[in-house]
Amino acid sequence: QAKQQGGSVFRMFTESMKLAVRQQLDLELDLRRALKDSEFCLHFQPLVRVSDNTIIGAECLLRWHHPTKGMVYPDVFITALEQSGFMLEAGDAVIDLAFGQLQHWQREGVWPQDARLSVNISPSQFFDENFVEKIIQRLRVYDVQPTSIELEITESTVMQDIRGTMQKIEALRSMGVRFALDDFGTGYSSLSYLKLLPVDVLKIDRSFVKDAIDATSNDAAILQTIIRLARHLKLEVVAEGVETQPHLDLLRDNGCDNYQGYLYSRPIDAEAFRTLLLSHRGALTTV
Ligand code: C2E
Ligand code: MG
Ligand code: MG
Ligand code: MG
């Protein structure tokens, strides 16, 4: 009886493993086609100033228009891109889409003067030996000012090679490209590295914002401490995942510079973002 049960459990296990392997292979084939057929596009989430709700930029977020599954989100495919070795290629596509879109908006005159477009950079892109060259080359191709670009890297990227990271960041920053440390607080980076890192912006991960509703809670204390730390280090601080007015009030009370979140806008497609920019500009000039 027991042996029989063990056998069937084992069979179930191998079946589910086979299924997992097959799903992984299917996903890889899908991704290969997606890259070849340019099924990826970018959505844009406004970056907003806390003090007056002015749009001061946008973050590019990758989306996959799957021919049968519809819109697919990064949680489903970023890891698969990394594992299958396609992330570098996908990252190049993201840079082209982002810089190309920015060039378009700038030529059209809808892009605000000092606004920045923020692009997420994966570890495999960042540690590619041609990374710095590639960014400089793409800036030139799309005739985009380095000062209108911000690159987001995560703590875990930085921690893989602190010295190499600093050199690469410095090389691009000397041209005017800004750097943000994304998902701050979720990695394992030592705070002592933070003061050495030549970044401009600290983005507080949304997990710290989410539960910081009550100003006297532990989560609020953590949020306040991160904001204070960033200000002390002369870093701009951005809160991610701001969904409610109380969150925004708390951030304002604690001197957080900028925010992103569903409260202001979800990530939206290029056309919708353009419309938002235009109405926003109208609102600003009529005030
Ligand atoms: P991230 O860079 O930290 O981006 C913020 C994520 O939070 C986005 O998820 C965004 O849609 C979501 N978000 C924004 N506001 C809110 C809010 O108010 N509430 C909640 N619950 N969520 C909010 P998304 O677009 O699914 O992207 C997830 C992650 O995938 C990104 O996290 C980033 O790490 C990665 N990713 C996205 N696009 C790219 C890309 O082009 N390249 C690379 N390497 N990674 C990317
Ligand atoms: Mg990001
Ligand atoms: Mg983030
Ligand atoms: Mg995040």
Open item on the list: Cβ contacts < 8 Å: first residue closer than 18 Å to Thr186 by Cβ and assigned to a helix (DSSP H, G or I), restricted to segment 228-256; second residue away from ligand 1 (no atom under 15 Å from the Cβ) and at pLDDT 95 or above, any location; separation 6+ or different chain. Result?
Closed with: Ala230/Glu236
Task: Selection status of Thr165, among the polar types (S, T, N, Q), within 16 Å of ligand 4 (Cβ to nearest atom) and free of Cβ contacts under 8 Å to residues at least 60 places away in the same chain - done: no
TODO: Give the number of residues within segment 226-248 that are buried (at least 16 other Cβ atoms within 10 Å of the Cβ) and over 19 Å from Tyr264 (Cα atoms).
DONE: 7
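Tell me which residues, restricted to segment 33-49, are part of a loop (DSSP other than H, G, I, E, B) and either in contact (Cβ under 8 Å) with a residue 12 or more places away in the chain or closer than 16 Å to Ile121 by Cα (or both).
First pass over segment 33-49, keeping only residues part of a loop (DSSP other than H, G, I, E, B): 37-39.
Within segment 33-49, Ser38, Glu39 meet the criteria.
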Task: segment 118-170 - residue that is touching an Asp or Glu at 6+ places or on another chain (Cβ under 7 Å) and either hydroxyl-bearing (Ser, Thr, Tyr) or within 14 Å of Gly187 (Cβ to Cβ) (or both) and, of those, modelled with the lowest pLDDT - done: Glu155
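Taking Thr54, is it touching a helix residue (DSSP H, G or I) at 6+ places or on another chain (Cβ under 9 Å), over 27 Å from Ser122 (Cβ atoms) and open to solvent by less than 80 Å² (accessible area, probe 1.4 Å)? Quick ask: steps written out before the conclusion?
On the way: touching a helix residue (DSSP H, G or I) at 6+ places or on another chain (Cβ under 9 Å): yes; over 27 Å from Ser122 (Cβ atoms): yes; open to solvent by less than 80 Å² (accessible area, probe 1.4 Å): yes.
Here the answer is yes, as Thr54 does meet what is asked.
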- [ ] All but one of (1) of a type outside the set (Gly, Ala, Ser); (2) farther than 26 Å from Tyr193 by Cα; (3) not in a loop (DSSP other than H, G, I, E, B) hold for Ile169, so report the exception by its number.
- [x] (2)
Task: Residue satisfying all of: in segment 222-257; among the charged types (D, E, K, R) and farther than 14 Å from Leu194 by Cα; nearest to ligand 4 (Cβ to nearest atom) among these - done: Glu240
TODO: Tell me, yes or no, whether segment 85-99 has at least one residue that is at positive phi and at pLDDT below 95.
DONE: yes
- [ ] Please go through segment 58-81 and pick out each residue that is buried (at least 16 other Cβ atoms within 10 Å of the Cβ) and of a type in the set (Asp, Glu).
- [x] Glu59
Open item on the list: Residues that are in contact with a helix residue (DSSP H, G or I) (Cβ under 9 Å, 6 or more places away or on another chain), more than 16 Å from ligand 2 (Cβ to nearest atom), open to solvent by less than 40 Å² (accessible area, probe 1.4 Å) and among the aliphatic types (A, V, I, L, M): does segment 107-116 have at least one?
Closed with: yes
TODO: Report, by residue number, each residue of segment 190-225 that is more than 16 Å from ligand 2 (Cβ to nearest atom), touching a helix residue (DSSP H, G or I) at 6+ places or on another chain (Cβ under 6 Å) and open to solvent by less than 50 Å² (accessible area, probe 1.4 Å).
DONE: Pro198, Ala212, Leu223
Task: Every residue from segment 257-273 that is buried (at least 19 other Cβ atoms within 10 Å of the Cβ) and either part of a loop (DSSP other than H, G, I, E, B) or at positive phi (or both) - done: Asp257, Gln260, Gly261, Pro267
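When you go through Ala215, Ala221 one by one, which is the residue that is modelled with pLDDT under 95, not hydroxyl-bearing (Ser, Thr, Tyr) and not in a loop (DSSP other than H, G, I, E, B)?
Matching residue, one of Ala215, Ala221: Ala221.
Restricting segment 177-189 to residues that are of a type in the set (Ser, Thr, Tyr) and open to solvent by 50 Å² or more (accessible area, probe 1.4 Å), which is nearest to ligand 3 (Cβ to nearest atom)? It would help to see each step written out before you state the result.
Initially, segment 177-189 is screened for residues of a type in the set (Ser, Thr, Tyr), giving 186, 188-189.
From what is left, the residues that are open to solvent by 50 Å² or more (accessible area, probe 1.4 Å) are 186, 188.
Values: Thr186: 9, Tyr188: 16 Å.
So, considering only residues that are of a type in the set (Ser, Thr, Tyr) and open to solvent by 50 Å² or more (accessible area, probe 1.4 Å), the one nearest to ligand 3 (Cβ to nearest atom) is Thr186.
Looking at Phe10, Phe40, can you tell me which residue is more than 16 Å from ligand 4 (Cβ to nearest atom) and open to solvent by less than 40 Å² (accessible area, probe 1.4 Å)? Even if it seems obvious, please write down each step before you answer.
Numbers: Phe10 fails: open to solvent by less than 40 Å² (accessible area, probe 1.4 Å).
Only one candidate qualifies: Phe40.
The values are calculated or read from the model by the stated rules, or taken from the named source; none is laboratory data. All figures in this text were calculated on a predicted structure; none of them were measured in a lab. Neighbour counts are summed over all protein chains in view; Cβ atoms, including those assigned to glycine, are modelled from backbone coordinates with ideal geometry. Ligands, DNA and RNA are stripped out before the accessible areas are found, and what is left, the full protein with its side chains, is counted by its heavy atoms. Shrake-Rupley method; radii C 1.70, N 1.55, O 1.52, S 1.80 Å.
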